[in-house]
Amino acid sequence: MSTQPCQLLIFGAAEIVSWDSQAPSAADSVVVVDGKIAELGQEADLRQRWSPLAEVDAAGGLVAPGFIDAHVHPVFAVGRAEEFDWRAQGMDYLEIAARGGGILSTVQHVRATDPEDLFDTVCTHLRRMRRHGTTSMEGKSGYGLSTQDELKSLQVLAQAGAAVGMEVFPTFLGAHMFPLEYRDNQEAYLDLLCNEMLPAVKEQGIARAADIFIEQGAFSVAQARRYCERAIELGFKLRIHADQFHQLGGVELAVELGAESVDHLEALSDAGLEAMAISGKTYAGFLPTAPHFLRQKENAPARKLIQAGVPYFLATDFNPGSSYTPSLPEAAHFGRIRLNMTAEEVLFGITLGAAGSLGLEQRKGHLRRGADADLVVLDLPDLFHFGYAFGENPLSQLICKGDVVPF
Ligand code: NIG
Ligand code: FE
């Protein structure tokens with residue numbers, strides 16, 4: 001039988017998670033052609049029909065779609081390790097923020113950092129994520145909080161994604177916090193967001209979505225409504241931070257406005273949960289490393305949300321203040337521990353769930369024929385071991401668009 005050339009053959013998997021109900025159940029190998037998934041099957045059969053230009057031996061590991069981190073704050077210049085000690089002394093996240101620490105201290109550093117240096121740091125963050133299997137990501141601005149510094153952040157993010165070879169789906173988060181200079185004139189900052197920043201970001205075409213932090217000490221529901229309606233008018237998708245510490249009605253607003261996702265949800269009310277269940281469209285973004293990092297007892301009611309049929313993803317929330325981890329496998333572990341999610345659910349949450357929340361489910365998050373050939377090979381004997389160990393990186397091989405990538 002004659003063979004056809006293919007870009008890559010991955011063989012020797014103990015198990016392949018493809019999220020494809022049509023895939024042969026005994027498949028141990030994957031064929032890649034032109035950066036796309038061509039076929040799953042058994043090695044002996046595939047070798048009769050394909051002559052691979054490159055090969056990866058999965059060595060009895062678990063093969064899965066490349067991880068997609070759907071909630072990330074990667075555009076920061078330095079970490080905030082000192083806050084860790086303040087927290088140990090009993091100060092909470094919102095108290096630290098009220099003192100000009102927290103988000104606003106990161107803002108000071110981002111503003112003071114020139115674009116070249118910020119680019120180098122963001123590239124480092126993206127490489128750290130990739131080292132743990134992230135092949136695509138959403139990325140937020142939100143530490144600039146002026147027109148100039150938000151545009152700088154989004155431009156640097158795009159450049160870093162291109163330089164590192166990570167597909168980045170950018171979100172404008174100018175409404176992360178009121179900057180110090182507007183603390184006593186919130187309406188003026190909202191005017192700036194709606195009349196200058198959102199239109200400028202739109203004009204440059206450097207964000208697909210807009211985000212807002214609805215919380216005490218950040219934005220109220222009424223302020224969020226104005227910002228979100230303007231963002232919709234300009235054609236942005238919405239991804240929203242709500243119910244992290246207090247139930248203010250942000251979840252209900254997100255659902256009413258048809259947001260792609262509403263994230264955190266540690267303080268989600270029954271009414272909020274019902275609104276999400278009835279809509280069935282707005283994704284729940286689970287970020288279980290954030291309450292861990294903040295020493296918060298409450299967890300998002302993941303089991304109830306999943307049971308109610310609410311679509312969901314799981315993400316790192318990688319940022320310097322509330323979740324300083326670039327690792328999706330680590331987030332998955334916390335999903336299993338804190339949210340009582342199964343191995344299958346957490347892996348779904350960082351692949352197809354994440355892709356769905358970003359409107360990418362046609363080409364990412366699964367290994368169906370025609371999908372982007374972004375894959376991870378994990379040094380795990382089966383799916384049940386995913387999110388079991390922690391503090392250990394399970395990644396053994398990384399493939400982006402059919403190319404084996406060093407990490
Ligand atoms: O998702 N909650 C708001 N924003 C981020 C934290 C950002 C920071 O503390 O720097 C979050 O947790
Ligand atoms: Fe966040």
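Take the conditions within 14 Å of ligand 2 (Cβ to nearest atom), touching a residue at least 24 places away in the same chain (Cβ under 8 Å), surrounded by 17 or more Cβ atoms within 10 Å (Cβ to Cβ) and under 14 Å from the mean Cα position of the chain (by Cα) and apply them to LEU314. Does it pass? Step through it out loud before you land on a result.
Working: within 14 Å of ligand 2 (Cβ to nearest atom): yes; touching a residue at least 24 places away in the same chain (Cβ under 8 Å): yes; surrounded by 17 or more Cβ atoms within 10 Å (Cβ to Cβ): yes; under 14 Å from the mean Cα position of the chain (by Cα): yes.
Spelling it out, LEU314 is indeed within 14 Å of ligand 2 (Cβ to nearest atom), touching a residue at least 24 places away in the same chain (Cβ under 8 Å), surrounded by 17 or more Cβ atoms within 10 Å (Cβ to Cβ) and under 14 Å from the mean Cα position of the chain (by Cα).
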| query | Which of (1) of a type in the set (A, V, I, L, M, F, W, C); (2) within 16 Å of ligand 1 (Cβ to nearest atom); (3) in contact with a strand residue (DSSP E or B) (Cβ under 7 Å, 6 or more places away or on another chain); (4) assigned to a helix (DSSP H, G or I) does LEU154 not meet, given it meets every other one? | reply | (2)
| What number of residues in region 324-334 are closer than 25 Å to MET276 by Cα and within 16 Å of ligand 2 (Cβ to nearest atom)? | 3
| query | Regarding GLN362, is this residue surrounded by fewer than 23 Cβ atoms within 10 Å (Cβ to Cβ) and not assigned by TED's automatic domain parsing to the domain that holds CYS123? | reply | yes
| task | Starting from region 271-300, keep only residues that are under 17 Å from LEU339 (Cβ atoms) and more than 16 Å from ligand 1 (Cβ to nearest atom), then list their pairs with residues that are modelled with pLDDT of 95 or more and not in a loop (DSSP other than H, G, I, E, B) whose Cβ atoms are within a distance under 7 Å, requiring at least 6 positions of separation or different chains. | result | GLY272/VAL251; GLY272/GLU252; LEU273/LYS304; LEU273/LEU305; MET276/VAL251; MET276/VAL255; MET276/ALA284; MET276/LEU305
| said: Within region 227-259, take every residue that is more than 15 Å from ligand 1 (Cβ to nearest atom), among the charged types (D, E, K, R) and closer than 21 Å to VAL201 by Cα and give me the one that is most open to solvent (accessible area, probe 1.4 Å). | reply: GLU233
| said: So, THR351, is that one out of contact with any Cys (no Cβ under 6 Å at 6 or more places or on another chain), hydroxyl-bearing (Ser, Thr, Tyr) and surrounded by 23 or more Cβ atoms within 10 Å (Cβ to Cβ) or not? | reply: yes
| request: Output the residues belonging to region 265-285 that are of a type in the set (A, V, I, L, M), farther than 18 Å from SER357 by Cα and surrounded by fewer than 16 Cβ atoms within 10 Å (Cβ to Cβ). | output: ALA271
| query | Only one residue in LEU193, LEU198, LEU238 is within 16 Å of ligand 2 (Cβ to nearest atom) and either under 25 Å from HIS264 (Cα atoms) or not assigned by TED's automatic domain parsing to the domain that holds GLY250 (or both), so which one is that? | reply | LEU238
| note | Quick count over region 50-85, residues being touching a residue at least 24 places away in the same chain (Cβ under 8 Å), small (Gly, Ala, Ser) and closer than 30 Å to PHE172 by Cβ, is 4
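Given the criterion at pLDDT 95 or above and either β-branched (Val, Ile, Thr) or open to solvent by 10 Å² or more (accessible area, probe 1.4 Å) (or both), identify the matching residue among ARG295, ARG303.
After ruling out the rest, the residue left standing is ARG303.
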| Selected residue [without any contact (Cβ under 8 Å) to a residue 60 or more places away in the chain, within 16 Å of ligand 1 (Cβ to nearest atom) and crowded, with 21+ Cβ neighbours inside 10 Å] from VAL221, VAL262 | VAL262
| message | So, in region 34-46, how many residues would count as being open to solvent by 40 Å² or more (accessible area, probe 1.4 Å) and either among the β-branched types (Val, Ile, Thr) or not in a strand (DSSP E or B) (or both)? | response | 5
| query | If you check LYS140 against the conditions, is it closer than 30 Å to ASP372 by Cβ and open to solvent by 10 Å² or more (accessible area, probe 1.4 Å)? | reply | no
| remark: Exactly one of ALA59, ALA77, ALA88, ALA64 is open to solvent by 30 Å² or more (accessible area, probe 1.4 Å) and either within 30 Å of ALA371 (Cβ to Cβ) or within 13 Å of ligand 1 (Cβ to nearest atom) (or both), and that one is ALA59
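The values are calculated or read from the model by the stated rules, or taken from the named source; none is laboratory data. Note that this is a predicted model, so its numbers are computed, not measured. Note that we place each Cβ from the backbone using ideal geometry, even for glycine, and neighbour counts take in every protein chain shown. All accessible areas refer to the heavy atoms of the entire protein, side chains included, with ligands and DNA or RNA removed. Shrake-Rupley method; radii C 1.70, N 1.55, O 1.52, S 1.80 Å.
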